[in-house]
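**Q** One structure, pasted below without further comment.
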Amino acid sequence: MDDQTLRNEEEALRLEVAKLSPEQKKQYYSLETQRVKDPDTYAVLNYFFVTGLHHFYLGKNTQGLIDIVVLAIGILTIEYYGWILIILISLYELPQLFKSQKILHQYNNDVMKQTLNEITQPLTSEQTNV
């Protein structure tokens, strides 16, 4: 997805939020503040791209763990061609470093959509019985 599409999507979501009642807006912004990720934090973590810390930040724990395990194996076996693993994980992660702004923008847009859906969904019978 290109930058303009992401900005348009975010703007459409903001317009939907503006239509909410004051109580719904309060609830929405409270949830959004907790869930949306900071671009600066993500960028810093992404500079350590080989370690996969940026994956943990977005809740992609499996991918982060795979990165750390492959890096650790590569370091521990560096004298036995472990450097190949380090190069491979670097080649896999490097494009994400360059696309980090788009990745985070898409993530935050998805969080906004999910939060908006939670706020606007009518209560189900299970929720009203709780």
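The numbers here are math on the coordinates, done by the rules we state, and not lab data. Owing to the predicted nature of the structure, the values given are computational and were not obtained by experimental measurement. Ideal geometry is used to build each Cβ from the backbone, glycine not excepted, and the neighbour counts take in all protein chains shown.
**Q** Taking the conditions exactly as written (surrounded by 13 or more Cβ atoms within 10 Å (Cβ to Cβ), of a type in the set (A, V, I, L, M), touching a residue at least 24 places away in the same chain (Cβ under 8 Å) and closer than 30 Å to LYS25 by Cβ), does LEU104 satisfy them or not?
**A** Details: surrounded by 13 or more Cβ atoms within 10 Å (Cβ to Cβ): yes; of a type in the set (A, V, I, L, M): yes; touching a residue at least 24 places away in the same chain (Cβ under 8 Å): yes; closer than 30 Å to LYS25 by Cβ: yes.
The answer is yes for LEU104.
**Q** Which pairs have Cβ atoms under 7 Å, sit 6 or more apart or on different chains, and link a residue in region 8-37 that is more than 18 Å from GLN121 (Cβ to Cβ) to one that is in a helix (DSSP H, G or I) and not aliphatic (A, V, I, L, M)?
**A** From region 8-37, the pairs are GLU9/ASN109; GLU10/ASN109; VAL36/ASN108; LYS37/TYR57; LYS37/TYR107; LYS37/ASN108.
**Q** Please count how many residues of region 45-83 are β-branched (Val, Ile, Thr) and in contact with a His (Cβ under 9 Å, 6 or more places away or on another chain). Working first, answer last.
**A** Filtering region 45-83 down to residues β-branched (Val, Ile, Thr) leaves 50-51, 62, 66, 68-70, 73, 75, 77-78.
Imposing the further condition that a residue be in contact with a His (Cβ under 9 Å, 6 or more places away or on another chain) reduces the set to 62, 66.
Residues that pass the stated criteria total 2.
**Q** Output the residues belonging to region 81-106 that are touching a Phe, Trp or Tyr at 6+ places or on another chain (Cβ under 7 Å) and more than 18 Å from LEU65 (Cα to Cα). Explain how you work it out, then say what you get.
**A** Looking only at region 81-106, we keep the residues that are touching a Phe, Trp or Tyr at 6+ places or on another chain (Cβ under 7 Å), and these are 93-94, 96-97, 100, 104.
Those that are touching a Phe, Trp or Tyr at 6+ places or on another chain (Cβ under 7 Å) and more than 18 Å from LEU65 (Cα to Cα): SER100, LEU104.
**Q** Another one. Identify, from the list LEU58, LEU45, the residue that is within 15 Å of the chain's Cα centre (by Cα), in contact (Cβ under 8 Å) with a residue 24 or more places away in the chain and surrounded by 13 or more Cβ atoms within 10 Å (Cβ to Cβ). Quick ask: steps written out before the conclusion?
**A** Numbers: LEU45 fails: in contact (Cβ under 8 Å) with a residue 24 or more places away in the chain.
Every option except LEU58 fails the conditions.
**Q** Taking region 18-37 as the search range and keeping residues that are of a type outside the set (A, V, I, L, M, F, W, C), more than 19 Å from the chain's Cα centre (by Cα) and outside any helix (DSSP H, G or I), which one is nearest to ASN108 (Cα to Cα)? Show your work before the answer.
**A** To start, the set of residues in region 18-37 that are of a type outside the set (A, V, I, L, M, F, W, C) comprises 19, 21-30, 32-35, 37.
Narrowing the set further to residues that are more than 19 Å from the chain's Cα centre (by Cα) leaves 19, 21-27.
With outside any helix (DSSP H, G or I) added as a condition, the list becomes 19, 21.
Numbers: LYS19: 20, SER21: 22 Å.
Ranking the candidates gives LYS19 first.
**Q** Those residues that are part of a loop (DSSP other than H, G, I, E, B) and surrounded by 13 or more Cβ atoms within 10 Å (Cβ to Cβ), I need them from region 69-88; list them, please. First the steps, then the outcome.
**A** Taking region 69-88 and keeping what is part of a loop (DSSP other than H, G, I, E, B), we get 77, 81.
Within region 69-88, THR77 is the sole residue that qualifies.
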